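The values are calculated or read from the model by the stated rules, or taken from the named source; none is laboratory data. The model shown is predicted, which means the values in this text are computed figures rather than measured ones. Virtual Cβ from ideal backbone geometry, glycine too; neighbours counted across all protein chains shown.
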Amino acid sequence: MADSVTLRVITFECRVPGWRTRTITVATTLLDAAGYPAADIARLYHRRWEIETDLAHVKTTMGMDVLSCRSPQMVRKELWTYLLAYNLVRSLMWQAAQHAGIAPLRLSFKAAVQELLASWPYASAVFRDGEWENYYTILLQSIAQHKIPQRPNRCEPRVRKRRPKNYRLMTQPREQYKKELSGEA
């Protein structure tokens, strides 16, 4: 670690109709004011909700909230696999949006994953019959049908929706638990 870090501090007003005007201060290591204007950083800050949503997609929609590997090397491979799958779905969404003439961020990530998984059983027959281009076009059209509404200036509380259950983990066979409950053990 370095002994010190040089930061650039940017302060701007956040004025959204219906909200209180707030002064936002952002500290960044992007020191080149010409290359990274303060207005661009303010716009990126305003779009931070999309980043939160994308991280939630990787963790929740794709099921990466609990990793199954145990060794550090395999955990890294599992992380890279999830990120590769995420980028492949986003690439499909981008292509679907291009074909439909809409913005890629207006498409539902969860619906795109569901469309891909639902059409997967048909993929082997399609590739065997040489109809993969038609399959791909239909897949892109079905992904493009799942639009999400434009939600500017979205603000959500940082709370957990679900509380963890107050039960132990299953660490022995179910039959053994049943015997314990019935008093036979």
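Data table
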| item | result |
| --- | --- |
| Any hit, the stretch 164-176, residues being of a type in the set (A, V, I, L, M), part of a helix (DSSP H, G or I) and more than 18 Å from the chain's Cα centre (by Cα) | no |
| Unique match (being hydrophobic (A, V, I, L, M, F, W, C), under 16 Å from Q114 (Cα atoms) and touching a helix residue (DSSP H, G or I) at 6+ places or on another chain (Cβ under 8 Å)) among L88, L83, L92 | L92 |
| Restricting the stretch 43-88 to residues that are assigned to a loop (DSSP other than H, G, I, E, B) and in contact with an Asp or Glu (Cβ under 6 Å, 6 or more places away or on another chain), the residue that is modelled with the highest pLDDT | C69 |
| The stretch 4-17 residues that are of a type outside the set (V, I, T), paired with ones that are modelled with pLDDT of 85 or more and surrounded by 12 or more Cβ atoms within 10 Å (Cβ to Cβ) (beta carbon under 6 Å, 6 or more apart) | R8/T28; F12/I24; F12/A42; C14/I24 |
